Amino acid sequence: MRESFIEIDLTRLNHNWQVFKNSIQAQGQILANLKANAYGLGAIEIGRFLESKGAAYFSVAYINEGIRLRKAGIQTNLLVFNPSIEEFKPLITYRLEPEVSSIYYLKKLINYLQQQHIENFPIHLKLDTGMHRAGITSTEIPQLINLLKTQKAVYLKSVFSHLAAAEDPSEDNFTKQQIHLFDQLSKTIKQRIKNHFFRHLLNTAGVFRFQKAQYEMIRPGLGIFGYNLIKNSQTKLLPVAQLKSKIVQAKKISIGESVGYNRKFTTTSSSYIGLIPLGYADGIDRRLSQIGFKVKCRGYKLPVVGNISMDTMSVDLSHTPCKPGDEVTVIDHNTDVYEIAQKLNTIPYEIIAGFARRLPKKTT
């Protein structure tokens, strides 16, 4: 175990899970998003816990993420958002269910399955309702339906779309247009495709702001881990992760000496500078020292000084009892990740999801 690690509080994770469970309508289910290593927090550890809580589905971005979860023993249904046409075989081997967001991909998949004499392979159809990223457009629906009705290789498991700005009240008209279009298109498909499928549209912000559009499943992302772009609903959720490390060495620096690359910090008095084995390769933004970021140790707040390196960061221990061997908390449950994100001109998602896989995960 490295000195630096992410600590996941399962009590808080369970609290957030219950918030979303209590928000769904009768017979509704939850798809938990574990892509990007569960937003940097540890997909295997979190996946195992949520599987024990009865998650209906997990989702990942890429096939290799799904394979990793399967090899870890996770059995819950797995939706892959960005499947590759080069990786049809592992979809079958590891029971991964692909998003289908283009006619091109669907034809390729059907052709492969037919060659393998496979029938009723589950797929999840993504509709483009206005975000204009991935998705089948409304004009492609007739072609899609004809294709699905003339084959037996695939089985339509769900139809879904993604809201572009559910957290932004100024874009509510656009969001309502998306919901209306999704409702129309999914009903058209349901009328022509007779097998039962479920629908899902709402992300975390959508769950809190557009509850009438829940359909049969909700799809919260970072909200399960305690973060949400809607600040006034944040009180319902509890951040589950803390990022911790240790001071591994310290040295006295004379007045006028610089610390770190490019000499961005120079001491104005005799100082005691500590080293923490945590850097931008771990997902710690290099600019944090430039916005006055501080870590916590023994009840003291230690300023990060100098440019953050790939594997280490420096902190000012002067006028504190902190010393090598002491634990430091870089991000705790009370850290205002929103404020950090705002100062770095980004969003909380990037701060959390940026944590590297090389950081060990511990659950408490």
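At-a-glance table
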quantity	calculated
Which numbered condition residue 215 fails, given (1) over 21 Å from the mean Cα position of the chain (by Cα); (2) over 26 Å from residue 152 (Cα atoms); (3) assigned to a helix (DSSP H, G or I)	(3)
Lone qualifier among 263, 192, 286 - being assigned by TED's automatic domain parsing to the domain that holds residue 326 and more than 28 Å from residue 357 (Cβ to Cβ)	263
Hits in the range 14-43 (condition: hydrophobic (A, V, I, L, M, F, W, C) and either without any contact (Cβ under 8 Å) to a residue 40 or more places away in the chain or not assigned by TED's automatic domain parsing to the domain that holds residue 68 (or both))	26, 34, 43
Residues of the range 340-355 satisfying the condition of being part of a loop (DSSP other than H, G, I, E, B) and farther than 20 Å from residue 10 by Cα	344, 345, 346, 347, 354
Of all residues in the range 338-352 being among the hydrophobic types (A, V, I, L, M, F, W, C) and surrounded by fewer than 19 Cβ atoms within 10 Å (Cβ to Cβ), the one that is nearest to the chain's Cα centre (by Cα)	347
Single match in 302, 237, 229, 222 (criterion: modelled with pLDDT under 95, touching an Asp or Glu at 6+ places or on another chain (Cβ under 9 Å) and hydrophobic (A, V, I, L, M, F, W, C))	229
Matching option when the condition is under 27 Å from the mean Cα position of the chain (by Cα), farther than 16 Å from residue 331 by Cα and modelled with pLDDT of 90 or more, among 309, 254	309
Scan of the range 99-120 for residues that are in contact with a helix residue (DSSP H, G or I) (Cβ under 6 Å, 6 or more places away or on another chain) and buried (at least 21 other Cβ atoms within 10 Å of the Cβ), ordered by number	100
Strands (runs of 3 or more DSSP E) wholly inside the range 4-96 containing at least 3 residues that are closer than 17 Å to residue 219 by Cβ and not polar (S, T, N, Q)	29-33, 57-60, 77-80
Cβ-Cβ under 8 Å pairs, at least 6 apart or on other chains, the range 85-100 side in the same structural domain as residue 57 (by TED's automatic domain parsing) and under 12 Å from residue 121 (Cα atoms), far side at pLDDT 95 or above and of a type in the set (Asp, Glu)	91/97
Some residue of the range 260-272 being in contact (Cβ under 8 Å) with a residue 24 or more places away in the chain, within 34 Å of the chain's Cα centre (by Cα) and within 20 Å of residue 363 (Cβ to Cβ)	no
Elements of type strands (runs of 3 or more DSSP E) contained in the range 225-339, each with 3 or more residues being aliphatic (A, V, I, L, M)	271-276, 300-305, 327-331
Qualifying residue in the range 277-290 (condition: buried (at least 18 other Cβ atoms within 10 Å of the Cβ), modelled with pLDDT under 95 and on the phi > 0 side of the Ramachandran plot)	yes
Output for the range 314-329, where each listed residue is out of contact with any Phe, Trp or Tyr (no Cβ under 9 Å at 6 or more places or on another chain) and closer than 20 Å to residue 7 by Cβ	315, 325, 326, 327, 328, 329
Qualifying residue in the range 100-120 (condition: assigned to a loop (DSSP other than H, G, I, E, B) and either more than 21 Å from residue 156 (Cβ to Cβ) or under 19 Å from the mean Cα position of the chain (by Cα) (or both))	no
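Okay, residues lined up against (1) out of contact with any strand residue (DSSP E or B) (no Cβ under 9 Å at 6 or more places or on another chain); (2) at negative phi:
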site: 124; (1), (2): no, yes
site: 127; (1), (2): no, yes
site: 130; (1), (2): yes, no
site: 134; (1), (2): no, yes
site: 147; (1), (2): yes, yes
site: 156; (1), (2): no, yes
site: 192; (1), (2): yes, yes
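The values are calculated or read from the model by the stated rules, or taken from the named source; none is laboratory data. Given the structure is predicted, the values throughout are model-derived calculations rather than measurements. Methodologically, a virtual Cβ is constructed for each residue, glycine included, from the backbone with ideal geometry; neighbour enumeration extends over all protein chains shown.
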